[in-house]
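Worksheet: one structure, shown below.
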Amino acid sequence: MANSQPQPSASPLTALAAPLPQPAPHGELRRRHVGSSEAAALFNLSPHTTRLELYLRKRGELPEPDLSAYEPAIWGLALEAAIGQAVGERMGWSVRKVRRYVAHPEVEGMGCSLDFEVVNHRRGAGVLEIKTVDRLAFRHWEGGRPPIHYELQLQHQLACTRRAWGAIGVLVGGNELRVTPYERHHGAIARIEREVEVFWREVAEGRPPRPDYEADLATLTALYRHAARGSFLDLRQSTRARQLCEELTAAAEAERAARQRREAAKAELLDLIHDAETVWADGFRISAGTVEGGPVQYVRDAYRSLRVSRIPTRTDSTSETPAGDARRREVTAHVYPYPSTSPS
């Protein structure tokens, strides 16, 4: 296995300020390891990745996400050095950048890249993870503490480095620094290590985890993006298929009714406020500014168009409702892949 100890750079200030070249081997190491940012996905606790998606990525059946144009990731990386230095100054810590990939010394297929480490500390070296967060998202943090997927990420790093403590430094809204220290949590680390081993056995044996249907639509859509042209499947004997069609049809009809109510309420509200930009109502603040027009261009990826149509019954055929109305109610749900539109 690779060296399990992080290697600090020679000069802390230089390391904090200099752009960090990405060593070529790291990409291959990440493909062969569950990284710390992926730890929460093992428990379906990540807001970005499910366990099924992670499984498909590691098997090479889905590509890794392209974050090159993802603004939060771009700015998080750009601000990382400044935030790390600010944490050191705020807490009185000696903070150094870690450049080497760290593999777990005992659990195969488990590794991480660290942001920084804290050295020359009375408790021994610690791990420092840096985050940036929008203030609106921060409002959902319970008690102002980092969410569980960040905590699991740090515990994963402590497992790989064998460190006893670490901290998460967060820049909130671009102007508020918050630092939360953590102890090494042996129970959480044992769970992560065990799940990593189970996960890689599933990958090796080709046993995909059960989808989380409330979170895996994008994953399944990407996996089954292209239909086999001219293919047919008879599910008329499947009770579950009928139930799902009923659920989708009912949900789409409820969505359409809710959209009509929303649009009617919006129309009446506009008739009340006329051209006012900001309006105060009892318990509400209404903003109705103008969004300037202009050309909008994007590239659309291929996607599956899932259509569920209610088959006319004999009772339907005797009714006098117009064709295409109640006799044939069609619901179309466009199932899009990952949001990857980009300017042309």
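The values are calculated or read from the model by the stated rules, or taken from the named source; none is laboratory data. Please read all numbers here as calculations on a predicted model, not as lab measurements. FYI the Cβ positions are ideal-geometry reconstructions off the backbone, even for glycines, and counts take in every protein chain you see.
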Legend entry - Options Gly88, Gly60; residue that is among the small types (Gly, Ala, Ser) and at positive phi: Gly60
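Can you find a residue that is modelled with pLDDT under 90, surrounded by fewer than 10 Cβ atoms within 10 Å (Cβ to Cβ) and either within 33 Å of the chain's Cα centre (by Cα) or part of a strand (DSSP E or B) (or both) anywhere in region 320-337? Break it down stepwise before answering.
So in region 320-337, the residues modelled with pLDDT under 90 come out as 320-337.
In the following step, the residues that additionally are surrounded by fewer than 10 Cβ atoms within 10 Å (Cβ to Cβ) were identified as 320, 322-325, 334.
After this cut, where a residue has to be either within 33 Å of the chain's Cα centre (by Cα) or part of a strand (DSSP E or B) (or both) as well, the list is 334.
Checking region 320-337: at least one residue is modelled with pLDDT under 90, surrounded by fewer than 10 Cβ atoms within 10 Å (Cβ to Cβ) and either within 33 Å of the chain's Cα centre (by Cα) or part of a strand (DSSP E or B) (or both).
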Inset, instruction - Examine region 194-217 for a residue that is exposed (fewer than 15 other Cβ atoms within 10 Å of the Cβ), among the small types (Gly, Ala, Ser) and free of Cβ contacts under 8 Å to residues at least 40 places away in the same chain, and state whether such a residue exists. - result: yes
Legend entry - Whichever residue in region 173-193 is in contact with a Lys or Arg (Cβ under 7 Å, 6 or more places away or on another chain) and more than 20 Å from Thr161 (Cα to Cα) and, among such residues, is surrounded by the most Cβ atoms within 10 Å (Cβ to Cβ): Val179
Legend entry - Identity of the residue in region 276-307, surrounded by 10 or more Cβ atoms within 10 Å (Cβ to Cβ) and within 30 Å of Glu247 (Cβ to Cβ), that ends up modelled with the highest pLDDT: Asp301
Inset, instruction - Would you be able to say whether some residue in region 180-195 is closer than 25 Å to Pro65 by Cβ and modelled with pLDDT of 95 or more? - result: yes
Legend entry - Failed item, numbered, when Pro209 is tested on (1) at pLDDT 95 or above; (2) out of contact with any helix residue (DSSP H, G or I) (no Cβ under 6 Å at 6 or more places or on another chain): (2)
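Every residue in region 63-112 that is aromatic (Phe, Trp, Tyr) and at pLDDT 90 or above, please. Talk me through it step by step, then tell me what you get.
From region 63-112, those aromatic (Phe, Trp, Tyr) are 70, 75, 93, 101; that's our starting set.
Once the filter is applied, which keeps residues that are aromatic (Phe, Trp, Tyr) and at pLDDT 90 or above, region 63-112 yields Trp93, Tyr101.
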Legend entry - Every residue from region 47-85 that is under 19 Å from Leu114 (Cβ atoms) and assigned to a loop (DSSP other than H, G, I, E, B): Leu67
Inset, instruction - Take region 197-251 and flag every residue that is under 24 Å from the mean Cα position of the chain (by Cα), among the hydrophobic types (A, V, I, L, M, F, W, C) and part of a loop (DSSP other than H, G, I, E, B). - result: Ala215
Inset, instruction - Kindly indicate whether any position in region 16-24 is modelled with pLDDT under 50, in contact with a Gly (Cβ under 8 Å, 6 or more places away or on another chain) and either surrounded by fewer than 16 Cβ atoms within 10 Å (Cβ to Cβ) or among the polar types (S, T, N, Q) (or both). - result: no
